[in-house]
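See below for the structure under consideration.
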Amino acid sequence: MSYELKNYIAGQWEAPALELPQMVCHASEGRALFAQHSSDATQLERALAAAAAAHAAGEWACYSPARRADTLEAIADALAERIAAIAEADAVCTGVVLATTTQVAQICAAAFRAAANHLCNPPPAAVFKGPHGAVDVERLPLGPAAIIAPWNAPSGITCHKLASALAAGCPAIVKPSEWAPLSGQLIAEAVAEVEASGALPTGVFQLLHGDGVTGAALVEDTRIAAVSFTGGLGGGRAVAAACAAQIKPAQLELGGNNALVVLEDADIEAAADGVIAGLTTLNGQWCRALGRLLVHEGVYDSLLSAVRERLGKIRLGHALDADSDMGPIVHRGHLAMIEQAIEHYRSQGGEVIQATPRPDLDGNFLPPTLITGLPSSAAQEEIFGPVATVHRFSSDAEAVQQANETPFGLAGYVFGAEPHAWRVATQMQTGNIKINGVSMLNLHPLAPRPAWGLSGIGDEGVQETFEFFRGSRIIGVAARP
């Protein structure tokens, strides 16, 4: 696997100008792989100018939906040839086991095919009749878009945003996370291959490597018409503030301190499986991971017993080892932050439960962790790791109160007899609630992915993200005096 990072600016590959002091390390082995790199002001300016010129020329925006869809399908084909490489890149950088990164890598091509299908099969347009004939309602690309990707599930998230922006007719500049840039590089190679065939005009797609300074420069530039960001609350607030100053749209998917509610009539074995999935999927480093486990007092002991048993059987190991159920934390800095949070809860009287054996490896390994003995009001912050606090409740009303007391609202889970679980789910103030199951994928591939409260602004989804990158224009003949 190549660790050479290159920007893609105005149809040309070039090395990022700046080498940063931080190293990207192999998450499972602890060894340094390569230095982080960043684009300088000259490279940023050239990319922004190329995106603005591509938008002004209007060639890509003027392609018919069918022609644009053909280009997206060609990109999907190029990505499909790189699934194994993308999956390995993400496993090495993020520590997520290869089986899961392969699942995420498959989303890359699927995202472009979904966007192409949406172009060819749009929902019916609204029809309005004005005082003198029809009113023309158009949906047009807003302009150059900045796409800022996270380090967790970076390939799938990048491709969803990029496919939507391109489908909408917008030039797009992608900035991968500096902690997991390799899959972004591979995605760029796939798009550049299609561009070289003549199916995509120069400047419509560009890749800039960099850190938060690069991301901020993109967001703050007046030539960027829309920003789609997935990341932490601090970064989201900075993006929102910059976009607010220019009154331009921002799509933000941020964190979530998600509740999993286990009702008295729940299937304990199924609920225990759900807890394990919530703790270990993407090594607990995903925005819809389990953050707070809320358990009816009548099944509290039996559920924790079942979860402990399962924790003891988890194979924590190298992300590229097919026998591993779970891999390491993305980097040592993030591991230290999670361990600090665990110690904080311990100092507040929490009892730490860790039953999974650690591997004899030098990577950033942390066993999935439960913390009991704290009031739910003391566990309001997202940890973003394989850690969940556990709290008792005695009634549905108390369960709902605990579930809703966090300022976040991204995901929720309820285990119980279905009619009962539905009643509780309808009272939870969060965007996506799954009953009797925990999984990384959405309930339906075309369903929106909402975010409430501090979890973000603007739904994501095939149609929702596509429409985010477009604006309305309405033309008609006015009524005469």
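The values are calculated or read from the model by the stated rules, or taken from the named source; none is laboratory data. Every value quoted in this text rests on a predicted model; they were computed, and no experiment measured them. All Cβ positions, even for glycine, are placed from backbone atoms using ideal geometry, and neighbour counts span all protein chains on display. The protein model used for the area step is the full one, side chains on, heavy atoms only, and it has no ligands, DNA or RNA in it. Shrake-Rupley method; radii C 1.70, N 1.55, O 1.52, S 1.80 Å.
One table, with the values for the structure above:
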quantity	calculated
Under Karplus coefficients 6.51, -1.76 and 1.60, residue-wise ³J(HN,Hα) of the stretch 473-481 in Hz, glycine/proline x	9, 10, 10, x, 8, 6, 5, 7, x
Protection proxy ranking, peptides 172-180, 253-261, average beta carbon neighbours within 10 Å, highest first	253-261, 172-180
Heavy-atom accessible area ranking, 1.4 Å probe, most first, across Cys287, Cys25	Cys25, Cys287
Rg [Å, one decimal], Dmax [Å, integer] - the stretch 366-481, C-alpha atoms	19.5, 74
For Ala10, distant residues with modelled amide H under 5 Å away	Gly203
Estimated vicinal HN-Hα couplings, Hz - the stretch 269-278 in sequence order (Karplus 6.51, -1.76, 1.60; Gly, Pro = x)	5, 5, 5, 5, 4, x, 4, 5, 4, x
Estimated vicinal HN-Hα couplings, Hz - the stretch 11-20 in sequence order (Karplus 6.51, -1.76, 1.60; Gly, Pro = x)	x, 10, 8, 7, 6, x, 6, 10, 9, 9
Rg ratio (alpha-carbon, reference 2.2 N^0.38 Å) - the stretch 175-318	1.48
Cα-based Lys pair tally, the chain, threshold under 23 Å, eight or more apart or on separate chains	5
Residues with amide H under 5 Å from that of Phe408, placed H, sequence gap 5 or more	Asn257, Leu454
Dimensionless Rg/Rh of the chain - Kirkwood Rh, Rg from C-alpha atoms	1.00
Computed [θ] at 222 nm, helices only, for the chain once each DSSP H run of length n ≥ 4 contributes -39500 (n - 2.57)	-12500 deg cm²/dmol
Extension gain (nm, one decimal) between Ala99 and Ala53, 0.36 nm per residue minus Cα-Cα	12.4 nm
Percent carbon-and-sulfur accessible area, the stretch 162-303, ignoring ligands, DNA and RNA, probe 1.4 Å	55 percent
Tail weight of P(r) past 25 Å, computed on alpha-carbon pairs of the stretch 1-135, percent	53 percent
Disulfide-incompatible cysteines by the Cβ rule (no partner under 4.7 Å) in the chain	Cys25, Cys62, Cys93, Cys120, Cys170, Cys243, Cys287
Kirkwood hydrodynamic radius of the stretch 164-215, from inverse mean 1/r over distinct Cα pairs, in Å	11.7 Å
Cα lying deepest toward the dipole's positive end in the stretch 65-123, options Phe112, Ala99, Ala87, charges on Cβ	Phe112
Listed residues Ile475, Ile107 arranged by accessible area, highest first, probe 1.4 Å	Ile475, Ile107
Net charge over other residues, Cβ less than 9 angstrom from the Cβ of Leu316 (K, R count +1; D, E count -1)	+1
Globularity ratio of the stretch 93-154, using Cα Rg and 2.2 N^0.38 Å	1.84
Interchain or long-range residues, amide H under 5 Å from Gln22's placed H	Gln36
